[in-house]
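Novice: Below are the structure tokens for one structure; questions will follow.
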Amino acid sequence: MTSRNLRIAIIGSGASGLMALIKLREAGLTDTTIFEKAESLGGTWRDNRYPGLTCDVPSLAYRYSFAPNAEWTHVCAPGPEILDYLKTVAAEHDLERDIRYSAEVLSADYADGQWHIVTSQGDEGRFDAVLAAAGVLHHPAYPDIEGLDTFAGDCFHTARWPDNFSLEGKRVGVIGTGSTATQITGAIVGEVSKLSLFQRTPQWILPLANDPISEEQRVAYRANPELLEQEFIRLNLEQTSKFAAAIVGENPYSYGVIDRYCRDHLNLVTDPDLKARLTPDYKVGCKRLIMSGNFYHAIQQPNAELVTDAITRIEAGGIRTADANAREGRLHELDVLVLATGFDAHKIMSPMTVAGRGGKRLDATWADAQEAYLAVTIPDFPNWFMIGGPNSPVGNFSWLQTAELQFGYALQLIEKLRDGNIREIAPRAEALRAFNDAVKAKMPDTIWASGCKSWYIDKHGHVASWPWTFEKFKADMETPVLSDYEIA
Ligand code: NAP
């Protein structure tokens, strides 16, 4: 077998792209470049800077396998700490020499075993393989509400939080009640003069107090990496065998426990009317479960108001809602309007144009449904590997762990390309069809498909997450079934 050097492009310098660069180098694949549209690394942890931002996976379970971290200061690490962690890992591995910032991939065209890439900086040439790690939650979704652009105060999406922006003493409106809005509410209620939280749909909230990790504990973790590893194993097991299995319908006992925790948690709300308005009418876990130890406390503060009347329009002075007692509705006067309205999770690979064999366009291929074999590869798009592709386990367990497993799978296929006689590798259409049939058959068992709207569900009603257990995901990522691939 003759071995050849591969030139590889990674799209995105978020947590997944950085990990891919480290591991490709470890595998001896050193001719690799990350193309990053922004001016710095960190992906979602770079883009999100809102007050109260923390990870909702316990920190000791949120780390690369090769970079255990004894320094987390809280059970759920604050966002800036996670960004620092990524920057530290990047510096330790001298990653920036292979990152091209301000280079947004505009197009990727396949021909003869190579991808031709053009970025906002120009023609980048040809690559033997592409690892697309562009993230899932990075296109802010702006609400389509009449008059949004007429608001006279400051208005921004949570993922576009302005630097050094003070909310002190201001009347602040927050639209949305997802994980983001919930964290912001807890963080700012003590600082603003009035907080109006505009809720369209109530959410279930699992109580999770974000206690500090003491310096003493950190010293112990530093001194004894084994202790850190044990904590990781314990937390990871909680997440995978209990939480993740429960939401895909494989652990009814744990589901019952989670359900009860959420319902009991609501009892912290003392006013019956407020409690009724905060009570969802769908199953616990159908929308992504929110983890919070302070939201119910925050929303019951005298300067906080939960607004559940429908928004009719936005005006220069604030938000107008329908009001059963007033024809003209009610104006909620605001100085600042925060759009905690989430992301378009189904715009992955967009807006770049990707054209596979024979010029086949990915946007056209995915027009009716975004489908990828085991979430990683796509027929007719050879040598194109995704981290965070459709049906990745976005709602199940630690993203860093998912990314490493998907990468490990992709690397085994990339290794095949090193053989001088092999130019391309792509899954068979039948393999994708069988995978999708299995996804469709299993999805109704999951709690996501139990009747609610969420960002897991695309415009065609498909739930774009992994409907099986962590153990199955791990096993499927272990070794590619080569008979499911066309290798030429
Ligand atoms: P989200 O869960 O999609 O929530 C968006 C919110 O905005 C929902 O309450 C939605 O209401 C509301 N909304 C959207 N358009 C609206 C409109 N036109 N009028 C009124 N309300 C509107 O978004 P997110 O809170 O940013 O969270 C997204 C995901 O990011 C999370 O599920 C999580 O995976 C991740 N995240 C993670 C962390 C973390 O790790 N700490 C923190 C934040 C976010 P409906 O429910 O009625 O649609």
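The numbers here are math on the coordinates, done by the rules we state, and not lab data. In this text the structure is predicted, and so the values were computed from the model without any measurement. Here Cβ is always computed from backbone atoms with ideal geometry, including for glycine, and neighbour counts include all displayed protein chains.
Novice: Which is the longest part of the chain that has none of the GluC sites (Glu not before Pro) sitting in a DSSP loop with at most 11 other Cβ atoms within 10 Å? Intermediate results must be reported in sequence, preceding the final value.
Specialist: On the way: sites that count: 39, 168.
In the chain, the maximal stretch lacking such sites is 169-488.
Novice: Still on this model: If you place +1 on the Cβ of every Lys and Arg and -1 on the Cβ of every Asp and Glu, how big does the dipole about the Cα centre of the range 170-328 come out, in debye to the nearest 20?
Specialist: For the range 170-328, the charge dipole is close to 500 debye.
Novice: What are the residues whose amide H is under 5 Å from the amide H of residue 332, where those residues sit 5 or more places off or on another chain and H is modelled from the backbone?
Specialist: Excluding prolines and chain starts, which carry no amide H, the hits are 319, 320, 321.
Novice: I want to verify the translational diffusion coefficient of the range 148-339 in µm²/s; compute it with Stokes-Einstein, Rh as the Kirkwood radius over Cα pairs, at 37 °C and 0.692 mPa s.
Specialist: Answer, rounded: 174 µm²/s.
Novice: Sticking with this one: Go through 249, 303, 204 and say which Cα lies farthest out towards the positive end of the charge dipole of the range 148-339; charges sit on Cβ, +1 for Lys and Arg, -1 for Asp and Glu.
Specialist: 249
Novice: Same structure, new question: Name the long-range amide H neighbours of residue 343: under 5 Å, sequence gap of 5 or more, or other chain; modelled H, no Pro or chain starts.
Specialist: Result for residue 343 returns 141.
Novice: Once the principal axes of the Cα atoms of the range 204-284 are found, what is the range along each, listed largest first in whole angstroms?
Specialist: 51, 32, 13
Novice: Cysteines of the chain lacking any other cysteine beta carbon under 4.7 Å?
Specialist: Result for the chain is 55, 76, 155, 262, no neighbouring Cys Cβ within the cutoff.
Novice: I would also like to ask the following. Please get the size of the charge dipole for the range 170-233, origin at its Cα centre, with Cβ charges of +1 on Lys and Arg and -1 on Asp and Glu, quoted in debye to the nearest 20.
Specialist: Working: 6 positive and 7 negative charges, 144 e Å.
For this selection, approximately 700 debye.
Novice: With θ set to phi - 60°, apply the Karplus curve 6.51 cos²θ - 1.76 cosθ + 1.60 along the range 379-391 and write out the HN-Hα couplings as whole Hz, x wherever there is a Gly or Pro.
Specialist: x, 6, 10, x, 6, 10, 10, 10, 10, x, x, x, 6
Novice: Another question, if that's okay. Using the Cα atoms of the range 247-359, I'd like the radius of gyration and the largest Cα-Cα distance, Dmax, both in angstrom.
Specialist: Cα-based Rg and Dmax for the range 247-359 come out at 20.2, 63 Å.
Novice: Ranked from highest to lowest mean number of other Cβ atoms within 10 Å per residue, what is the order of the peptides 5-16, 200-211?
Specialist: Peptide ranking by packing, descending: 5-16, 200-211.
Novice: Among 102, 239, 460, pick out the residue whose Cα is farthest towards the positive end of the charge dipole of the chain, where Lys and Arg carry +1 and Asp and Glu carry -1 on C-beta, about the Cα centre.
Specialist: Farthest towards the positive pole: 460.
Novice: Something else about it: So who's got an amide H within less than 5 Å of the one on residue 104, skipping anything under 5 residues away but keeping other chains? H placed 1.01 Å off N, in plane.
Specialist: 120, 121
Novice: What is the projected area of the convex hull of the Cα atoms of the chain, averaged over all directions, in nm²?
Specialist: With the hull built on Cα positions only, its mean projection is 24.1 nm².
Novice: Rounded to the nearest 20 Debye, what is the dipole magnitude of the chain about its Cα centre when Lys and Arg each give +1 and Asp and Glu each give -1 at the C-beta?
Specialist: 700
Novice: Another question about this same structure. Excluding residues on the same chain fewer than 8 positions from residue 194, give the lysines whose Cα lies under 26 Å from its Cα.
Specialist: Within the straight-line cut-off, residue 194 pairs with 170, 275.
Novice: Enter the Cα centre distance for the pair the range 44-67 and the range 176-251, rounded to the nearest angstrom.
Specialist: Cα centroid to Cα centroid, the span is 10 Å.
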